[in-house]
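Okay, so here's the structure we're looking at.
The values are calculated or read from the model by the stated rules, or taken from the named source; none is laboratory data. The structure displayed is predicted, hence computed values, not measured ones. All Cβ positions, even for glycine, are placed from backbone atoms using ideal geometry, and neighbour counts span all protein chains on display.
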């Protein structure tokens, strides 16, 4: 004779939501780290101007160090990109990382050395994207990060 014991099974909703949040946080944090790494590695420290359409060259090495990522628990998303800078162009209102990514006109006022007069210097910058290509590379890997993110 075979005996069976019947028990009640139920889902613990709070535990499932915690597992989902942990899985999403882990997957998106891996994604953010990967995109940051690809963006940083695309910027080479070289003299001269990079080709338009390609990633920018870093002459002093500062741009690489300004790229960060952060997971937002409330919105369950990840923010990746260069640190916000205060110095904006007077013409376009964009910071230098934004101008490198999207292109545009940079303008600022400087004092001339010979007479001390303030003059405006304007320069047009062509697109030199470094974050969008890194994001596209990361999007290809995102399904791998999300796969089995709940239940491990």
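Residues in the range 122-130: is at least one surrounded by 15 or more Cβ atoms within 10 Å (Cβ to Cβ), closer than 30 Å to residue 76 by Cβ, modelled with pLDDT of 90 or more and in contact with a helix residue (DSSP H, G or I) (Cβ under 9 Å, 6 or more places away or on another chain)? Checked against the condition, which is being surrounded by 15 or more Cβ atoms within 10 Å (Cβ to Cβ), closer than 30 Å to residue 76 by Cβ, modelled with pLDDT of 90 or more and in contact with a helix residue (DSSP H, G or I) (Cβ under 9 Å, 6 or more places away or on another chain), the range 122-130 yields at least one hit.
Residues are listed down the side, and each one gets a yes or a no for (1) modelled with pLDDT of 90 or more; (2) under 12 Å from the mean Cα position of the chain (by Cα); (3) surrounded by 16 or more Cβ atoms within 10 Å (Cβ to Cβ):
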| site | (1), (2), (3) |
| --- | --- |
| 38 | yes, yes, yes |
| 52 | no, no, no |
| 56 | yes, no, yes |
| 73 | no, no, no |
| 90 | no, no, no |
| 94 | no, no, yes |
| 99 | no, no, yes |
| 114 | no, no, no |
